[in-house]
1. Would you please give the FRET efficiency between residue 27 and residue 197, computed as 1/(1 + (r/R0)^6) with r the Cβ-Cβ distance and R0 = 45 Å, to the nearest 0.05?
2. Does anyone have the angle between helix 132-141 and the longest principal axis of the chain? Alpha-carbon axes, 0 to 90°, nearest 10?
3. On a full-extension model of 0.36 nm per residue, what is the gain between residue 189 and residue 97, subtracting their alpha-carbon distance, rounded to one decimal in nm?
4. Mind checking the full-extension length gain between residue 78 and residue 176? Use 0.36 nm per residue of separation minus the Cα-Cα distance, one decimal, nm.
5. Before anything else, pin down the relative contact order of the chain: Cα pairs under 8 Å, at least 6 apart, normalised by residue count, whole percent.
6. Taking every eigenvalue of the Cα gyration tensor of the chain, multiplying by 5 and rooting it, what semi-axes result, largest first, whole Å?
7. Quick one: angle between helix 149-158 and the longest Cα principal axis of the chain, in degrees between 0 and 90, rounded to 10, please.
8. What is the sum of charges, Lys and Arg at +1 and Asp and Glu at -1, for the other residues whose Cβ falls under 10 Å from the Cβ of residue 196?
Amino acid sequence: MLADAAGPTTTLVAMSIASQEAQQQLDRIVALGYPDVADMSAAAFRALARPLIEALEHCDLGANILLVPTRELVSPESLIARTSINRMAGFTTMPPRDIASFLPQDGFEPPEGPFYLVVDPHTGTCYVNREPDVARKLIDSDERLPLTLEEGLAIATQHPDWLMIKNGFNLLGSRSADGRVPSIWMSQNAPRLGAVWPNSRHTWLGAAYCQSRRGISLFR
């Protein structure tokens, strides 16, 4: 299937729309140096994603998916700097230890495996200017799932234009011990990773969500 284990996969006619999209996203994060963050070769990094991408060939979810590496594979502290908009690199003013403190909340833990999929991600425009705690209740009532820090970074990496044409977003699936939730928005013409308090309100921040998460075990 792979023409070169360290390079992009050759697209085959048999590949579904979803598998092609996941492969393109994998190519992007490899080009951005994710294997270096994971302290492994590009070939080894690609091999970890291969079972999930191959599973997608038989279960087409369409193109509206995100390929997300878990924090056990790549720590989120180093990822915002690998995003960019118009060559303006993403940034944060939070220390790495602070970023690492944002953990998935009960019920929003990622599926097992080094990679998993987020299905139908959205920046949560309909929840703009809502306090995080209020938005969380609305998301629950709408039968949606709030995104985690890792998933928000995946949006900023794969779809940075969403920050400009849609909105910045809170990531209510993650929270620190002091109650803050991580957020990503445009600042100084670049993606910025920050945090907000659960009772704060911002006109430029929605609450990002998805419909489901899928790991390799869910395709078997």
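FYI, it's all coordinate maths here, none of it is from the lab. Note that the structure is a prediction, hence the values are computed from the model and not measured. With ideal geometry, Cβ positions are generated from the backbone for all residues, glycine too; neighbour counts draw on all protein chains shown.
1. For residue 27 and residue 197, the calculated efficiency is 0.75.
2. 60 degrees
3. Fully extending the segment from residue 189 to residue 97 adds 30.6 nm.
4. The span from residue 78 to residue 176 would gain 33.5 nm if fully extended.
5. 24 percent
6. Sorted largest first and rounded, they come to 28, 19, 16 Å.
7. It works out to around 60 degrees.
8. Net of charged neighbours comes to +1.
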